[in-house]
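Student: Input: one structure, supplied below.
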Amino acid sequence: MVEETGVEFIPVTTVADEEILDTILSQPFSYVSTEGAVWRSAAERMRRVKDERKSHLLVISCGNPVGAVGWSPGQTPGFFRLDLVSCRDEAWTADLVDRALRRAMALLTRAREVQRVELLTPAYNDVFLEYLTACAGFEVEGILRDRFFLDGRYWPGVVCCADLREFAPQGAAEPAGRQELLDRLHKKALEDLTEAHRAMWNA
């Protein structure tokens with residue numbers, strides 16, 4: 001669904017979406033990504049893209065991908081971990097982080113029973129620190145020493161927890177947005193069936 005500023009938030013449901021996510025994950029260096037500077041092989045990226053326990057929301061600005069928000073369940077029921085991957089740091093602002101996380105949290109809380117959502121970000125991540133200062137969505141719970149390594153030194157990690165009241169669903173999903181999601185899921189189902197038939201005939 002396109003917003004007034006030309007930003008789209010697209011759930012990863014189709015093969016084309018997965019290819020965009022793979023491109024985003026292939027960028028090894030970012031000051032905004034919550035996992036820090038991470039180099040991933042093609043096989044590692046594909047495992048992450050195809051992992052059924054993980055969900056992803058593409059963030060597209062003016063037709064170009066700038067990153068993705070991902071979330072995955074932990075071992076404890078109702079526990080989830082959020083992360084953000086950036087492939088174009090200059091596009092990210094505290095406002096865009098807020099909008100992206102809110103959209104991801106809306107999808108998460110509508111689909112799952114959620115008790116706790118955590119986020120860990122490097123202390124050098126100025127965009128996230130500005131977001132945490134300006135917005136009420138997450139509370140800082142602690143600091144992990146020497147959690148990240150960048151630019152020849154170790155940096156602390158900032159542990160945050162979502163205030164679920166701040167992200168409580170507000171009414172039903174927009175009809176247009178719901179129809180768009182249903183259309184994308186239908187397309188994904190057709191792609192899976194086509195791939196299954198192709199594999200059966202090639203066996």
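Student: Would any residue of segment 95-138 have its amide N under 14 Å from a label point 7 Å out along Cα→Cβ of Arg145? List them or say none.
Tutor: none
Student: What's the ranking of 91-99, 141-149, 106-114 by average number of surrounding C-beta atoms within 10 Å, highest first?
Tutor: Final packing ranking: 91-99, 106-114, 141-149.
Student: Report ³J(HN,Hα) in whole Hz for each residue of segment 118-131, in order, from the Karplus equation J = 6.51 cos²θ - 1.76 cosθ + 1.60 where θ = phi - 60°; Gly and Pro get x.
Tutor: Karplus values, whole Hz, x for Gly and Pro: 10, 9, 10, 10, x, 5, 7, 7, 4, 5, 5, 5, 5, 4.
Student: In whole percent, how big is the carbon plus sulfur part of the accessible area of segment 6-157, probe 1.4 Å, protein atoms only?
Tutor: Looking at segment 6-157 in its full context, I get 51 percent from C and S.
Student: Per 0.36 nm of contour for each residue apart, how much would the distance between Gln75 and Thr93 grow if the chain were fully extended, relative to their Cα-Cα spacing?
Tutor: That works out to 3.3 nm of additional length.
Student: Assuming R0 = 35 Å, can you tell me the calculated FRET efficiency for the pair Arg153 and Lys50, based on Cβ-Cβ distance, to the nearest 0.05?
Tutor: That pair, Arg153 with Lys50, gives E of 0.50.
Student: If you don't mind, another one. If every alpha-carbon in segment 72-130 counts as one equal scatterer, what log10 I(q)/I(0) does Debye give at q = 0.12, 0.15, 0.20, 0.27 1/Å?
Tutor: -0.33, -0.50, -0.83, -1.18
Student: Report ³J(HN,Hα) in whole Hz for each residue of segment 31-41, in order, from the Karplus equation J = 6.51 cos²θ - 1.76 cosθ + 1.60 where θ = phi - 60°; Gly and Pro get x.
Tutor: Going residue by residue, I get 8, 9, 4, 6, 8, x, 7, 10, 9, 10, 6 Hz, with x marking Gly and Pro.
Student: Moving to a separate point now. I want to check the label-to-label distance for Cys62 and Thr133. Put each point 7 Å from Cα in the C-beta direction and report it in nm to one decimal.
Tutor: Inter-label distance under the simple model: 2.6 nm.
Student: Considering amide H positions built from the backbone, and no H for Pro or chain starts, which residues 5 or more places from Arg81, or on another chain, come under 5 Å of its amide H?
Tutor: For Arg81, whose amide H was placed from the backbone, the distant partners under 5 Å are Ser72, Gly74, Glu118.
Student: While we're looking at this one, here's another question. How many percent of all Cα-Cα pairs in segment 46-149 sit more than 16 Å apart?
Tutor: 61
Student: Pop out the ³J(HN,Hα) list for segment 49-62 in order, Karplus 6.51 cos²θ - 1.76 cosθ + 1.60 with θ = phi - 60°, rounded to Hz; leave Gly and Pro as x.
Tutor: 4, 8, 5, 6, 7, 9, 10, 9, 10, 6, 10, 10, 10, 6
Student: Taking just the alpha carbons, could you work out the radius of gyration and Dmax for segment 1-94, both in angstroms?
Tutor: 13.1, 39
The values are calculated or read from the model by the stated rules, or taken from the named source; none is laboratory data. Since the model is a prediction, treat every value here as computed from it, not as a measurement. With ideal geometry, Cβ positions are generated from the backbone for all residues, glycine too; neighbour counts draw on all protein chains shown. Accessible surface is based on the protein model in full, side chains and every heavy atom, while ligands, DNA and RNA are left aside. Shrake-Rupley method; radii C 1.70, N 1.55, O 1.52, S 1.80 Å.
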